[in-house]
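The values are calculated or read from the model by the stated rules, or taken from the named source; none is laboratory data. In this text, all values refer to a predicted model and were calculated from it rather than measured experimentally. All Cβ positions, even for glycine, are placed from backbone atoms using ideal geometry, and neighbour counts span all protein chains on display. Calculation scope for accessible area: heavy atoms of the full protein, side chains included, ligands and nucleic acids excluded. Shrake-Rupley method; radii C 1.70, N 1.55, O 1.52, S 1.80 Å.
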Amino acid sequence: INAIPVRVFWKDKNLVYLGCNAVFARDAGFADPKDIIGKDDSQMGWRDQAEKYRGDDRQVIESGCSKLLIEEPQTTPEGNTITLLSSKIPMRSSKGDISGLLGTYMDITERKRLETHLIQSQKMETVGKLAGGIAHEFNSILTAIIGQSELLLGDLPAGSPLAKNAAEISRAADRAAVLTRQLLAYGDRKSTRLNSSHLGI
């Protein structure tokens, strides 16, 4: 069990460690698996999560049912927080009586980080598509407003009060067109960045 990357440990019915593999001992802050024997979770680097872990242990021992693939946090000896994927099963004697529990876990911190990054990327992609879609629709409306205001200006006498209003409409539409182009550019940038990110560029 020292040759596998999965952490393995076992405890008695009082939730005292009876043994573990080498990688689990290192996670706990010990040089040798023998150093963990006789200790409990309150004496480990993850003492902040000790009661939660022991609560799960008691459920397994009292119910005789396994708890599989539980995502849970752990504090490392260095004070960092990582995410574990843990499983615990009841350990039985030759007579079939529950004598403790056997547990395993894997460090899935990096996987969770990548999942969070992917979800964030998908959200930003949605925002970019929404901005681009709105901009395209708005651009069509603005094209009509600008075109009609220019036709109206061409039909009105230069000194007409209505010409002043038509010119103001045209200027406002031009300002809105600038905003529309910015939204379109934003949508294009988000799409390009996300495609590059997915391709590993």
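Out of all Cα-Cα pairs in the range 77-167, roughly what percent, to the nearest whole number, are more than 21 Å apart? Result: 70 percent of Cα pairs exceed 21 Å. The portion of the accessible surface of the chain made up by carbon and sulfur, rounded to a whole percent, is 58 (1.4 Å probe; DNA, RNA and ligands excluded). Shown in residue order for the range 11-27 are the 3J(HN,Hα) couplings computed by the Karplus curve 6.51 cos²θ - 1.76 cosθ + 1.60 at θ = phi - 60°: 10, 8, 5, 8, 6, 9, 5, 9, x, 6, 8, 5, 5, 5, 4, 5, 4 Hz (x for Gly and Pro). Take the Kirkwood radius over Cα pairs of the range 6-93, plug it into Stokes-Einstein at 37 °C and 0.692 mPa s, and you get 248 µm²/s for translational diffusion. Axis angle, to the nearest 10 degrees, between helix 50-63 and the longest C-alpha principal axis of the chain: 60 degrees. Cross-link pairs exceeding 22 Å between alpha carbons, from the set Lys11/Lys34; Lys13/Lys112; Lys11/Lys52; Lys13/Lys34; Lys34/Lys95; Lys39/Lys112: Lys13/Lys112; Lys34/Lys95; Lys39/Lys112.
When its C-alpha radius of gyration is set against 2.2 N^0.38 Å (N residues), the chain gives a value of 1.95.
Heavy atoms of the protein chains alone define the surface here; on that basis the range 69-195 has 64 Å² accessible area per residue at 1.4 Å probe size. Annotation: amide H of Arg92 within the under-5 Å range of Ser99, sequence separation 5 or more or interchain, hydrogens built in the peptide plane.
Relative protection proxy for 28-35, 81-88, from highest mean packing down: 81-88, 28-35 (other beta-carbon atoms within 10 angstrom). Applying 0.36 nm per residue to the separation of Arg113 and Leu18 and subtracting their alpha-carbon distance, the gain on full extension is 30.9 nm.
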